[in-house]
1. If you go through the stretch 1-26 one residue at a time, how many are assigned to a strand (DSSP E or B) and touching a residue at least 40 places away in the same chain (Cβ under 8 Å)?
2. Of 165, 121, 110, 85, which residue is in contact with a strand residue (DSSP E or B) (Cβ under 8 Å, 6 or more places away or on another chain) and modelled with pLDDT under 95?
3. Only residues that are assigned to a strand (DSSP E or B) and more than 15 Å from residue 6 (Cβ to Cβ): list them for the stretch 31-66, please.
4. Filter the stretch 23-44 down to the residues that are modelled with pLDDT of 95 or more and touching a helix residue (DSSP H, G or I) at 6+ places or on another chain (Cβ under 8 Å) and list them by number.
5. Residue by residue through the stretch 27-44, note down the ones that are touching a residue at least 24 places away in the same chain (Cβ under 8 Å) and either within 9 Å of the chain's Cα centre (by Cα) or surrounded by fewer than 17 Cβ atoms within 10 Å (Cβ to Cβ) (or both).
């Protein structure tokens, strides 16, 4: 079984733990759109669907876990809308490709995986590097927190699916 985690944020990522324990990351595919003098970024649904399509075509079965997102205090309206749009896009792609998936709240997977860590944003990167030392080159920058979150969600799903094994 291949376990996939998706952090749906603009700085998020997709991570897969394959049956041979190898790990691969894809950052959320982003396109820049110019409108007058301003440039905004948006998730590329086409590129995202290509990532998930490639994952689905693997010879091994797949279970995707996506972080169930909601509005956060202090987050701007535009930011919340963009975050929700990304989340819905990922869900739509999984439904269209008929890929088995589940949603998990941040509190649920973090309580399980990060129980021995602090609450700071970098805790997920540190924990991911501890659990997957061969992935350190893909996680060493602060901007890689989305990759770490996606990987830890995949690990949470693997542990829930195989209790006592990990």
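1. 13
2. Criteria check complete, one pass: 85.
3. 31, 32, 33, 34, 35, 38, 39, 40, 41, 42
4. 23, 25, 26, 27, 28, 29
5. 27, 28, 41, 42 - these are the residues of the stretch 27-44 that are touching a residue at least 24 places away in the same chain (Cβ under 8 Å) and either within 9 Å of the chain's Cα centre (by Cα) or surrounded by fewer than 17 Cβ atoms within 10 Å (Cβ to Cβ) (or both).
The values are calculated or read from the model by the stated rules, or taken from the named source; none is laboratory data. Since we're looking at a predicted model, the values are computed, not measured. Cβ sites come from the backbone with ideal geometry, for glycine too, and all protein chains shown count toward neighbours.
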